[in-house]
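Let me begin by presenting the structure, written as structure tokens, before commenting on it.
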Amino acid sequence: MEDTFSLIKDTLRYSVNTWNPRFLDKLYAGTNPIGVIAELVLAVLNNNGHVYHCSPVVSLMEVQVTRATARLLGMGEQASGLFCPGGSASNLLAMVTARNRLFPTIKTEGYFPRPMHPNATYGTLTVFTSTHSHYSIAKSAQVLGLGLKHVIKVPTDKEGRMDVDQLEQRMQASVDRGETPFFINATSGTTVMGAFDPLDRMAKVARQFGCWLHADGSWGGSAIFSEQVQKTNCFKGSQLVDSFTMNPHKLLGVPLQCSMLLAKEGHGLFAEANSLQADYLFHGNEYDLGAGTIGCGRRPDALKVFLAWKFYGQQGLGKRVDRAIATTKALTDHLRQRPGFHLVQEPPFVQVCFWYLPEHLDWQRWRRDGSYDSKVSQVTRSLHEKVNQSGRFLVDRAPLVDQPDFFRLVINAPTVRLDRDLIPLLDLIETTAKDMTWSL
């Protein structure tokens, strides 16, 4: 027994402490007491959410939570969904469902498009997503056997949102090549910058080409709980999407992992499109939610959102988002006034992206000789490594197309404070840069 407790202590000691407000690295943070209680309840229950008669309470919770969330997005009274093991799994299920719904023969006969099969009702299927979208969209296409070549990346505007004019042009070009566009992925909160694609304009293009419109709101989708965000254009057109992914384990502080896939037609759509004749398990109950998924065993993660929503209420969950937005603004205002720090762009959400360019380095010469971007990346990578090795913070860095590497801070946890946490981080970056011997 002592050895077991020793092992537990060592696991806690040497693991990353995501509860610490200086964990600013990823799109999630520590949870809360309600989250811990929810995980304990799930462990005690040990229910499998695949069939209703084995998990009646949590199955009904799943339907109610997804229905209420879909209503926040304006997806209609019929809308509801399923919980999946992560946002990538939700996006994969969305693409599988779209393919099986639009081209049901693929489910039974396999994927044989024109010109391989001259009599097919579809050409090579193509997927459209922005250059800033999550890699899970391309990976889903790979799993479906569509080929990465047929995942068409659409450029973004200067704020990181999909350029809808470019989307329409690329879709028309796909049709002209004899292909069949079938799936458009919009991103509601991009991973790096936090941009929200224009759902309303993308919906018009989707209707024009007869495509499925999916919104990957794994990161930003939970912001719909904020009344402040609801007044913006972030979710304008959300009522028009066919499906929507949302990860409460990110913005809302629900324990990992917790992802839902919402459908305008309701959770029954997934069983209709994806179920097989597994009568030994599924007996026709509409609340046998596992029938609509790719797998079988399902952890009933809806309980975690259900308890959090009941305890904090929509207003409480929304205030968590509002607090993150306010802290982001405070940090951004501070960075503008601080020498050596340069914003990559105005934060569209709660990711603050910036460079630190030590003033004693010869930036003018590097601009003249064309090595400026590579030097910025080298400085960022070196400082990033040193800051994380200090053990005082855990932060991330990222590149973008045509941009050198930069620091990316995710302001998520409600415990993050400007004076106590964020300004000391900037101080550490400055002092680290001064103390380093640079050979660039």
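Coordinate-derived values only; no laboratory data. Everything numeric here is computed off the predicted structure, so don't read it as measured data. Because the Cβ atoms are built from the backbone with ideal geometry, glycine has one as well, and the counts that use them run over all protein chains shown.
Need one word for the chain: rounded, prolate or oblate. Basis is the Cα gyration tensor (sqrt eigenvalues a ≥ b ≥ c); a/c below 1.5 gives rounded, then a/b vs b/c decides. The shape class here is oblate. Here's the list of lysines a cross-link from Lys204 could span, going by alpha-carbon distance under 19 Å and ignoring same-chain residues fewer than 8 apart: Lys153, Lys236, Lys264. Going through the stretch 65-155, which chymotrypsin sites (Phe, Trp or Tyr not before Pro) have at most 16 other Cβ atoms within 10 Å and a DSSP loop state? Sparse-neighbourhood loop chymotrypsin sites (Phe, Trp or Tyr not before Pro): Tyr135. Relative to the longest principal axis of the Cα atoms of the chain, the long axis of helix 33-45 makes an angle of roughly 40 degrees. The spacing between the stretch 179-196 and the stretch 41-112, judged by their C-alpha centroids, is 20 Å. Listed by Cβ neighbour count within 10 Å, with the fewest neighbours leading, Leu400, Leu331 appear as Leu400, Leu331. Highest mobility in the GNM of the chain, judged by mean-square fluctuation with C-alpha springs under 10 Å and restricted to Ser218, Ser140, Ser374, is found for Ser374. The lysines within cross-link reach of Lys319, meaning a Cα-to-Cα straight distance under 19 Å and a gap of 8 or more places when in the same chain, are Lys231, Lys250, Lys304, Lys310, Lys329.
His117 label point, 7 Å along Cα→Cβ, cut-off 15 Å on backbone N: hits in the stretch 86-104? Output list for this probe position: 99-104. Once the other residues with Cβ under 12 Å from the Cβ of Arg417 are scored (Lys, Arg +1; Asp, Glu -1), what is the net sum? Charge balance near Arg417 sits at +1. If you run the Gaussian network model on the chain, springs between alpha carbon atoms under 10 Å, then out of Pro358, Pro56, Pro33 the most flexible one is Pro33. Helix content alone sets the calculated 222 nm mean residue ellipticity of the chain: runs of n ≥ 4 DSSP H residues at -39500 (n - 2.57) each, divided across all residues, give -13000 deg cm²/dmol.
When the Gaussian network model of the chain links Cα atoms closer than 10 Å, the mean-square fluctuations of Arg201, Arg336, Arg320 top out at Arg336. Distance from the C-alpha centroid of the stretch 346-373 to that of the stretch 202-278: 36 Å, rounded to the whole angstrom.
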